[in-house]
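The values are calculated or read from the model by the stated rules, or taken from the named source; none is laboratory data. On a predicted model such as this, the values are computed, not experimentally measured, just so you know. We place every Cβ from the backbone using ideal geometry, glycine too, and count neighbours over all the protein chains shown.
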Amino acid sequence: MWRDPREGEKPFDVFAEEWFAAVSPRLEPTTVAKYRSYLDNQLLPKWSGWPMVVIYHDYEEIEKWLSQLDENYADSSVSSYFALFSTIMGVASDRAKIIPGNPCRGVRIGSGEYEEERLVASPVQILRAAMRLYERGLGLGGFTLCLLDGYTGARWGELVGQQRHEYDPERRRIRICAPLKEVSGKVFKGGSLAAQSGGATSHPSPVRPGRRRSKGKKGRTKTPAGTRWVDLPPSIAVFYEELMDSHPHPFVLCTPEGKPWRRSNFRNRHWRPVWDGTEGGDRQVAPAILPEFTFHEGRHSHATWLIEDGIPEVARRARLGQKMKGMARVYDHITPEMERAVIQALERRWLASLNALRPTERTKLGEWFPHLRKTRPVGELESAPRTVSISSPLHK
């Protein structure tokens with residue numbers, strides 16, 4: 001099909017805005033906000049006014065731009081900016097056909113020499129952090145949120161977005177199907193503004209893993225595999241149930257005032273001081289637990305624990321909301337025995353973390369939660385794959 005060569009003279013900013021307006025209605029609000037930010041802060045300041053065909057022919061300018069970005073941003077950020085730029089140029093080439101090809105093809109991003117190492121927390125470190133959150137005024141809510149970070153492997157939005165109707169009290173598990181999402185300072189649940197509905201959302205019907213969902217549904221999980229049930233270890237479920245009984249708010253893991261948590265507020269005011277330690281005057285009031293440990297690294301820690309405990313990959317991925325790769329996606333399936341092995345392994349870790357606390361810490365925990373004085377030894381777990389002799393820690 002013949003195209004007027006003059007169409008290639010269209011400025012990048014005009015073409016990019018036309019493309020963005022066309023695709024935005026079918027994107028998640030978080031993706032729309034992300035693309036808008038990339039356009040306003042990285043792409044348009046550089047390429048606004050540039051004819052598309054000129055960009056196509058000037059590969060050296062593209063390389064220079066990437067080098068400038070590389071000086072100021074992390075490799076992952078540069079890759080994200082360039083991916084959006086490449087997408088727009090690809091549409092101009094392959095679909096709009098206003099330029100001969102995509103000038104971004106074959107361009108290498110990053111040196112590949114540096115990869116950030118993830119931190120892994122131990123169960124007792126997770127427990128100590130939970131205790132500090134309790135003492136910082138967050139009480140049972142902060143304590144339980146920290147434990148769930150380590151013992152479920154769920155993402156931030158998947159946990160703080162939990163509502164009462166998403167809990168199965170019979171099997172003691174949480175349903176992850178509509179994570180909480182923050183967009184431009186507003187909080188959304190299930191595609192609806194949480195503040196407008198008081199946090200209430202429609203009760204989504206359960207979806208079996210692998211079943212296709214409507215693409216028009218906003219507020220869904222990151223991938224279809226992310227829609228899942230996550231079983232709680234019995235000891236952790238007790239805290240979650242106590243938390244549900246302690247307040248009437250729709251979001252279970254909410255602020256002390258009953259509002260949905262905002263990631264940056266929680267991180268800066270509570271999470272960072274807890275893990276990095278706090279100082280007062282000439283001395284350190286609270287020593288660091290694991291400096292720079294992030295909430296998302298609780299997910300990495302959870303996965304690492306399961307690997308150490310010999311849990312099959314298919315069970316680990318199912319719990320984290322990830323699909324298997326290659327042929328394993330067809331032939332590997334999780335079984336009830338695997339699910340029980342996961343819960344038993346996590347329960348053992350919880351009991352071992354209690355035993356690893358200092359006597360003063362155990363006493364304090366027993367005062368907060370009297371039911372812990374009746375904690376069973378690890379060896380008494382029914383059908384445990386291996387026996388570990390640990391006495392009831394809070395009786396010491």
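Here's the yes/no breakdown for (1) closer than 22 Å to Gly101 by Cβ; (2) surrounded by fewer than 17 Cβ atoms within 10 Å (Cβ to Cβ); (3) not assigned by TED's automatic domain parsing to the domain that holds Thr223:
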residue	(1), (2), (3)
Leu27	no, yes, yes
Tyr38	no, no, yes
Met52	yes, no, yes
Tyr56	yes, no, yes
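Quick check on Ala121: is it among the hydrophobic types (A, V, I, L, M, F, W, C), at pLDDT 90 or above and loosely packed, with under 14 Cβ neighbours inside 10 Å?
On the way: among the hydrophobic types (A, V, I, L, M, F, W, C): yes; at pLDDT 90 or above: yes; loosely packed, with under 14 Cβ neighbours inside 10 Å: no.
Considered against the rule, which asks whether it is among the hydrophobic types (A, V, I, L, M, F, W, C), at pLDDT 90 or above and loosely packed, with under 14 Cβ neighbours inside 10 Å, Ala121 comes out as no.
Only one residue in Arg155, Arg172 is over 21 Å from the mean Cα position of the chain (by Cα) and assigned by TED's automatic domain parsing to the domain that holds Leu320. Which one?
Details: Arg155 fails: over 21 Å from the mean Cα position of the chain (by Cα).
Every option except Arg172 fails the conditions.
Is it fair to say Ser301 is under 16 Å from the mean Cα position of the chain (by Cα) and free of Cβ contacts under 8 Å to residues at least 40 places away in the same chain? If you could, list the steps in order and put the result at the bottom.
Working: under 16 Å from the mean Cα position of the chain (by Cα): yes; free of Cβ contacts under 8 Å to residues at least 40 places away in the same chain: no.
Here the answer is no, as Ser301 does not meet what is asked.
Do we have any residue at all in region 201-217 that's on the phi < 0 side of the Ramachandran plot, out of contact with any strand residue (DSSP E or B) (no Cβ under 7 Å at 6 or more places or on another chain), modelled with pLDDT under 60 and among the hydrophobic types (A, V, I, L, M, F, W, C)?
Yes, region 201-217 contains at least one residue that is on the phi < 0 side of the Ramachandran plot, out of contact with any strand residue (DSSP E or B) (no Cβ under 7 Å at 6 or more places or on another chain), modelled with pLDDT under 60 and among the hydrophobic types (A, V, I, L, M, F, W, C).
Of the conditions (1) modelled with pLDDT of 90 or more; (2) more than 21 Å from Cys177 (Cα to Cα); (3) of a type in the set (Lys, Arg), Arg319 fails just one. Which one is it?
Failed condition: (2).
Restricting to region 267-302, what's the tally of residues that are surrounded by fewer than 19 Cβ atoms within 10 Å (Cβ to Cβ) and in a helix (DSSP H, G or I)?
The total comes to 7.
Touching a residue at least 24 places away in the same chain (Cβ under 8 Å) and of a type outside the set (Lys, Arg): which single residue out of Val107, Val23 fits that description? If you could, list the steps in order and put the result at the bottom.
On the way: Val23 fails: touching a residue at least 24 places away in the same chain (Cβ under 8 Å).
Answer to the check: Val107.
Is one or more of the residues making up region 92-103 in a helix (DSSP H, G or I) and surrounded by 13 or more Cβ atoms within 10 Å (Cβ to Cβ)?
At the first step, the residues of region 92-103 found to be in a helix (DSSP H, G or I) are 92-95.
This time we only want the ones that are surrounded by 13 or more Cβ atoms within 10 Å (Cβ to Cβ), so: 92-93.
Yes, region 92-103 contains at least one residue that is in a helix (DSSP H, G or I) and surrounded by 13 or more Cβ atoms within 10 Å (Cβ to Cβ).
Go through (1) loosely packed, with under 13 Cβ neighbours inside 10 Å; (2) at pLDDT below 90; (3) at positive phi and name the single condition Glu113 misses.
That leaves (3) as the condition not met.
Taking region 344-368, which residues are in a helix (DSSP H, G or I) and aliphatic (A, V, I, L, M)? First the steps, then the outcome.
Within region 344-368, the subset in a helix (DSSP H, G or I) is 344-356, 359-368.
Within region 344-368, Ala345, Leu346, Leu351, Ala352, Leu354, Ala356, Leu365 qualify.
Got at least one residue in region 248-263 being exposed (fewer than 14 other Cβ atoms within 10 Å of the Cβ) and closer than 14 Å to Phe143 by Cβ?
Yes, because at least one residue in region 248-263 is exposed (fewer than 14 other Cβ atoms within 10 Å of the Cβ) and closer than 14 Å to Phe143 by Cβ.
Applying the selection to region 223-246, what residues are among the β-branched types (Val, Ile, Thr) and within 18 Å of Gly142 (Cβ to Cβ)?
Answer for region 223-246, where residues must be among the β-branched types (Val, Ile, Thr) and within 18 Å of Gly142 (Cβ to Cβ): Ile236, Val238.
Counting only residues that are in a loop (DSSP other than H, G, I, E, B), under 23 Å from Arg173 (Cα atoms) and of a type outside the set (A, V, I, L, M, F, W, C), how many does region 233-258 have?
So the answer is 7.
Quick check on region 24-47. Is at least one of its residues under 23 Å from Tyr73 (Cβ atoms), of a type outside the set (Lys, Arg) and more than 32 Å from the chain's Cα centre (by Cα)?
There is at least one residue in region 24-47 that is under 23 Å from Tyr73 (Cβ atoms), of a type outside the set (Lys, Arg) and more than 32 Å from the chain's Cα centre (by Cα).
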